[in-house]
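Remarks on the structure that follows.
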Amino acid sequence: MKEKLESIRASALERLNRANDLKAIEELRLSLIGKKSELMGILKSLGALSPEERPAVGKMVNETSAFIEEKLSQAKQALILSAQNARLMSEAVDVTIPGKRRALGSRHPMQLALDEVTSVFLGMGYEIAEGPDIETDYYNFEALNIPANHPAKDEQDTFYVEGGFVLRTQTSSVQIRTMERKRPPIKIIAPGAVYRSDQVDATHSPSFHQLEALVVDHGITMGDLKGSLSAFIRQLFGSSTQVRFRPHHFPFTEPSAEMDASCFFCNGKGCRICKGSGWIEILGCGMVHPKVLQLAGIDPDEYTGFAFGVGVERIAMLRFDISDMRLLFENDIRFLNQF
Ligand code: DAH
């Protein structure tokens, strides 16, 4: 009997060695120590033995059963542990790998300048108006009192596109569109791209940006224009900045003027920025021409208005001391990172 039990043990160990998952171990448990196992069979037949033999054999069977039970449970634990380890290994995160740095962008100087100018006018109660970049001859020229033979319409300045359209050469076209759409009081700014067939150099580009402004109401005067523009310039370049108006000509304003600001760099003494004059040319402006009001359906006997147009690249260049306009379009990351 003793040999038999030993051979059961040996075979159990050998089968356990081959059991490589939990299911196999459970099957083995049933087959080795389950109700129908050989071992349990022996236990059941103890009654057939003599009373002297019974306790010793019973003890041996129980020991064998306990031994197998122990080995099964060890094997089961080992399997669970190794499955757990495998999962931990596969899910492991290496916290020592250096992180990926995300390059932080910066805002483009043009956008900075535009936001700054826009926010000054929004603060003064202006609304933002828009118009298309591709315009008709009417909105870009005719309605602005620019006659058919005007030199600005020359092929050299204007990009003509198919169908009789032009790429707008000035945001002044938005004045007309706004007046057609809206009755006074009108108080708008219109920032946007404009196009001229210019050669590229440090101060010219075939595409640049302007910010147009239009105010139309009862009793608007040149004094309102002057007050609004000096408030704007002082917010932009500092509260001690002076402005001056020089007579000029634009077909859509009468009278027309160009506005200069005292050089914020040298305070008017004369330096490289103002080319020694103490003044910096900033923008064109004037009182809206009665003909322009009339064409847009606004009675010039009842209403008056002022308008101005400012180059945004020029503002950005002055504001950030940029000497070449091309830097604003080339988008060299070494340049952009400085803002
Ligand atoms: N449109 C003009 C230009 O492109 C700028 C300008 C001048 C706009 C006088 C105005 C104005 O509204 O009143 O040069």
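Some points to look at:
- Gyration tensor verdict on segment 2-90 (Cα atoms; rounded if a/c is under 1.5, prolate if a/b is larger than b/c, oblate otherwise): prolate
- In degrees, nearest ten, helix 222-237 long axis to first principal axis of the chain (Cα): 40 degrees
- Rounded to the nearest 500, the 222 nm mean residue ellipticity of the chain from helices alone is -13000 deg cm²/dmol, with -39,500 (n - 2.57) taken per DSSP H run of at least 4 residues.
- Among the cysteines of the chain, those whose beta-carbon sits 4.7 Å or more from every other cysteine beta-carbon are 285.
- Rounded tilt (10° steps) of 2-18 against the dominant C-alpha axis of the chain: 20 degrees
- Here the label points at residue 182 and residue 70, each 7 Å from Cα along the C-beta direction, are separated by 9.4 nm in the simple model.
- Per-pair calculated FRET efficiency, R0 = 51 Å: residue 100 and residue 201 via Cβ, rounded to 0.05: 0.80
- Efficiency of FRET between residue 35 and residue 88 - r from beta-carbon atoms, R0 45 angstrom, step 0.05: 0.75
- Put the Cα centre of segment 261-282 next to the Cα centre of segment 200-245 and the gap is 17 Å.
- Angle in degrees between helix 22-33 and the longest Cα principal axis of the chain, rounded to the nearest 10: 10 degrees
- The Cα trace of segment 259-339 gives Rg and Dmax of 18.3, 55 Å, the first to one decimal, the second as a whole number.
- Projecting the Cα atoms of 31, 42, 57 onto the dipole axis of segment 1-84, where Lys and Arg carry +1 and Asp and Glu carry -1 at the beta carbon, places 31 farthest toward the positive end.
- Whether segment 109-336 is rounded, prolate or oblate, judged on the alpha carbon gyration tensor where a/c under 1.5 counts as rounded: oblate
- Fraction of antiparallel bridges per DSSP, the chain only, in percent to nearest 5: 95 percent
- Förster-model FRET efficiency, 45 Å R0, residue 335 and residue 301, C-beta, rounded to 0.05: 0.30
- Net charge dipole, segment 109-336: roughly 800 debye, given to the nearest 20, about the Cα centre with Cβ charges of +1 for Lys and Arg and -1 for Asp and Glu.
- Taking segment 1-32 and a reference point 7 angstrom along Cα→Cβ of residue 52, the backbone N atoms nearer than 18 Å belong to 1-2.
Every number in this text was worked out from the coordinates using simple rules, so none of it is lab data. Here the structure is a predicted model, which means the values were calculated and not measured. Glycine gets a Cβ as well: all are built from the backbone with ideal geometry, and neighbour counts include every protein chain shown.
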